[in-house]
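Read-outs: derived from the displayed coordinates by stated rules, not from any lab. Treat the numbers as computed from the prediction; the structure is a model and nothing was measured. Because the Cβ atoms are built from the backbone with ideal geometry, glycine has one as well, and the counts that use them run over all protein chains shown.
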Amino acid sequence: MTTNDIAAARRFAVGLVASQLGLTALIAGATLLIYGSRAAIGALAGGGIGAAANLVQAVFFFRHGPGADPKMVLRGMYAGEAAKFAVTVLLLVVVLASTKVAAGPFFTAYLAGFVVYWFALWWGGRNAARREGAPH
């Protein structure tokens, strides 16, 4: 990967997490207006878990700079996936065990984060193919 590729991938990761947080805020805001604060807090918790897990994964993945040994980059990728899983499980357990979270808004915002993630991967792949001249 070149320095430009790594910079673009970092921007993509930051944009992904920002998009997840933005959608979470929209869901929480609408939930607050319709169902009240308890439901909005549930939505914030659900969306926040997904965004936090993706942020942790990105930090692990990008901790090695340009020119790093490919084995180190691969280890960072695997460590990021493991950390993402661990953070997700830990936060789910903490939130679901410690609060009376409104399940509907919680899982709606949590799952909406996956929609953002999948859309971002599709969009990023589409743009990468366009830059490389591949049919899209």
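Here are the numbers for this structure:
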quantity: Calculated P(r) of the chain - Cα pairs past 27 Å, %; calculated: 29
quantity: Part-to-part distance (alpha-carbon centres) for region 73-88 and region 103-117, which is given in Å; calculated: 21
quantity: Principal-axis tilt of helix 3-35 within the chain, Cα atoms, nearest 10 degrees; calculated: 10
quantity: Sorted by Cβ neighbour density within 10 Å, fewest at the top, the residues 110, 117, 78, 35; calculated: 78, 35, 117, 110
quantity: Degrees separating the helix 70-98 axis from the principal Cα axis of the chain, which is the longest one; calculated: 0
quantity: Nearest-ten-degree value, helix 37-61 long axis tilted from longest Cα axis of the chain; calculated: 20
quantity: At R0 = 25 Å, FRET efficiency that the Cβ-Cβ distance of residue 25 and residue 63 yields, to 0.05; calculated: 0.35
quantity: Residue exposure sequence - 98, 37, 19 - by fewest surrounding Cβ within 10 Å; calculated: 98, 37, 19
quantity: Positive minus negative residues near residue 66 (Lys, Arg vs Asp, Glu; Cβ under 14 Å); calculated: 0
quantity: Kirkwood-based Rg to Rh ratio, region 73-125, C-alpha trace; calculated: 1.08
